[in-house]
Amino acid sequence: MININIKKSLGEFNLDVAFQVEKGIVGILGPSGCGKSLTLQAIAGLLNPDSGNISIGNHVVFDPKKKINIPTRKRKVGYVFQNYALFPHLTVSENIGFGLNGMSRIEKTKKVSEMLEVVQLTGLENRYPNELSGGQQQRVALARTLVTEPEILLLDEPFSALDQHVKKQLELELLAIIKKNFSGVVLFVTHNIEEAYRICDYLCLYDSGRNIQFGTKQEVLERPISKSAAKIVGCENVFEIRWMNGNSVVLDGIELELEDCVLTTKRYLGIHSYDLSFVASNDRANTFPYAITSVVDGIDRATVSVVVANVTFHVVVSKSSLEGIMKGDLLLYVPFDKILFMD
Ligand SMILES: Nc1ncnc2c1ncn2[C@@H]1O[C@H](COP(=O)(O)OP(=O)(O)OP(=O)(O)O)[C@@H](O)[C@H]1O
C-alpha cells in the first residue's frame, strides 16, 4: 500500500499530488516535466516535500508534522532508474548484493544466487555491466532491487533505453518476474499509453504537477475526465461542443445525434481514433461524406485524417480497407455509444 499527499515547490514548478494505491501495477503517465519522477523521488526519500505525508505499507515514512522523515535506505523502496544506474566497477553478483547489509557472507551469497536464478542470469555472475546487453543490465537492476525485499517498486521508464525490437519481449519477461516474485505496489512511469496498457492494472494521469485522474486502465481509457486526460491517453479526436438539446451536439459545422438525452455541462467531446469507422450506407445516424487530408501508413494499420465540414477526424483503419476509403464513396461513421464527454 502507498498513500501519498504532498506538495513541493521547485522554482516555478509546483508538485501537488495525492493518491492511494492498495495493490497492483500503476502506470504513471503524463507529458514531459509534469512531475512523475519527482513523485518517485519523494517516495524514495530522495526529495523532501515542503508539506504533506507519505506512508508505505503500514509505516509513515514522511510526515513533518510528526517529525518523521525516514532515510532512503530504511524505506523499503525498490527503485529502478531509466539507465539502470549499475556500478560499472562491480560484477553482476556484486551489484545485486550491494544493498544487502548486515548479513553473513554465506547468507549474502545464497540470496544473490537465488536472485540470479529469478532473473535468469545464472552463469553471468562474474561479468561487468559493460559486458551485458541492455536487457540483461535491466534484469541486474531489477534483481538488485528485489533482493532487498522492498514493499514498493518504483520503475522510472525502465524500457526507454532499449531497442524497439526487444522491448516487448523484455516487457513480458520483466512483468513475469515481478508478478511471480513481488506482491507489493508497483509504480511504473512511462510516456507510452500502449506500454502502460500492456503492463499496468491502473493508470494515474499527471498534468502540470498534479495527478488529474486515477482508475483502472479500462476506466481511464474509456472515460478520460478532461481534455488533458484524453490527450494523455492518446485520444486524437477532441472537440469543443455546443449543446443543442439533450439529443444532439454541434461541433464546428456538424451536428452529432446522441443515443439518449444526455444533457451535461461538459464542454468537450472526444472519440478514440480506433472507434471511428467508414461505412457504405447512411442507414444510421452520424454518417458523413468526407475529404481525405492525409494518410499515415503503418505496418498493418493506417491513420486516415478526414475533414467533415470544418472538423478533422483521425481514424485508425486496417490496411486492407484503405483502398475503399481512398475512393471516397464511403461515409465516416461516428458511433454515439463511443462518444466521450469531458471538461
Ligand atoms: N532540482 C530542481 N530544481 C528546479 N526544478 C526542478 C528540479 N528537478 C526537477 N525540476 C522541474 O520539475 C519538473 C518536473 O520534473 P520531473 O523530472 O518530475 O518530470 P517528469 O514528469 O518525470 O518528466 P520526464 O517525463 O521528462 O522525465 C520539471 O519541469 C523539472 O524541470
*State all residues of segment 310-343 that are closer than 19 Å to Leu256 by Cβ and open to solvent by 60 Å² or more (accessible area, probe 1.4 Å); if no residue qualifies, say none.*
Asn310, Phe336, Asp337, Lys338, Asp343
*Inspect segment 90-97 for any residue being of a type in the set (Ser, Thr, Tyr) and under 30 Å from Glu117 (Cβ atoms) and give the result as yes or no.*
yes
*Would you call Asn126 loosely packed, with under 12 Cβ neighbours inside 10 Å and either in contact with a strand residue (DSSP E or B) (Cβ under 9 Å, 6 or more places away or on another chain) or at pLDDT 90 or above (or both)?*
yes
*Quick one: Asn192 ticks every box in (1) modelled with pLDDT under 90; (2) touching a Leu at 6+ places or on another chain (Cβ under 7 Å); (3) not charged (D, E, K, R) bar one, so which box is it?*
(2)
*Please indicate, with yes or no, whether at least one residue in segment 55-69 is in a loop (DSSP other than H, G, I, E, B), touching a helix residue (DSSP H, G or I) at 6+ places or on another chain (Cβ under 8 Å), closer than 17 Å to Ile43 by Cβ and open to solvent by 60 Å² or more (accessible area, probe 1.4 Å).*
no
*For segment 129-155, name all the residues that are part of a loop (DSSP other than H, G, I, E, B) and either at negative phi or open to solvent by less than 20 Å² (accessible area, probe 1.4 Å) (or both).*
Leu132, Ser133, Val147, Thr148, Pro150, Glu151
*Could you tell me whether any residue of segment 275-295 is surrounded by fewer than 13 Cβ atoms within 10 Å (Cβ to Cβ), within 33 Å of the chain's Cα centre (by Cα) and closer than 19 Å to Ala230 by Cα?*
no
*Any chance Ser273 is in the same structural domain as Asp337 (by TED's automatic domain parsing), in contact with a His (Cβ under 7 Å, 6 or more places away or on another chain) and at negative phi*: yes
_Search result, residues across segment 81-101 that are assigned to a loop (DSSP other than H, G, I, E, B) and open to solvent by less than 90 Å² (accessible area, probe 1.4 Å)_ = Phe81, Gln82, Tyr84, Ala85, Leu86, Phe87, Leu90, Thr91, Gly99, Leu100
*Say we look at segment 2-16 and pick out the residues that are among the hydrophobic types (A, V, I, L, M, F, W, C) and either open to solvent by less than 10 Å² (accessible area, probe 1.4 Å) or not in a strand (DSSP E or B) (or both); which of these is nearest to the ligand (Cβ to nearest atom)?*
Leu15
*asked:* For segment 17-54, give me the residue count where each residue is within 12 Å of the ligand (Cβ to nearest atom), open to solvent by less than 50 Å² (accessible area, probe 1.4 Å), part of a loop (DSSP other than H, G, I, E, B) and in contact (Cβ under 8 Å) with a residue 40 or more places away in the chain.
replied: 3
*Pull up segment 305-343, narrow it to residues that are charged (D, E, K, R) and more than 19 Å from Glu222 (Cβ to Cβ), then point me to the one that is nearest to the chain's Cα centre (by Cα).*
Lys319
*In segment 241-264, is there at least one residue being among the polar types (S, T, N, Q), open to solvent by 40 Å² or more (accessible area, probe 1.4 Å) and under 30 Å from Thr39 (Cβ atoms)?*
no
_Test of understanding: among Ile212, Ile193, which residue is outside the structural domain of Ile271 (by TED's automatic domain parsing), open to solvent by 40 Å² or more (accessible area, probe 1.4 Å), within 16 Å of the ligand (Cβ to nearest atom) and of a type in the set (Val, Ile, Thr)?_
Ile212
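The values are calculated or read from the model by the stated rules, or taken from the named source; none is laboratory data. Model, not experiment: these values are computed from the prediction. Note that we place each Cβ from the backbone using ideal geometry, even for glycine, and neighbour counts take in every protein chain shown. Just so you know, the surface numbers come from the protein's heavy atoms only, side chains and all, with ligands and any DNA or RNA stripped out. Shrake-Rupley method; radii C 1.70, N 1.55, O 1.52, S 1.80 Å.
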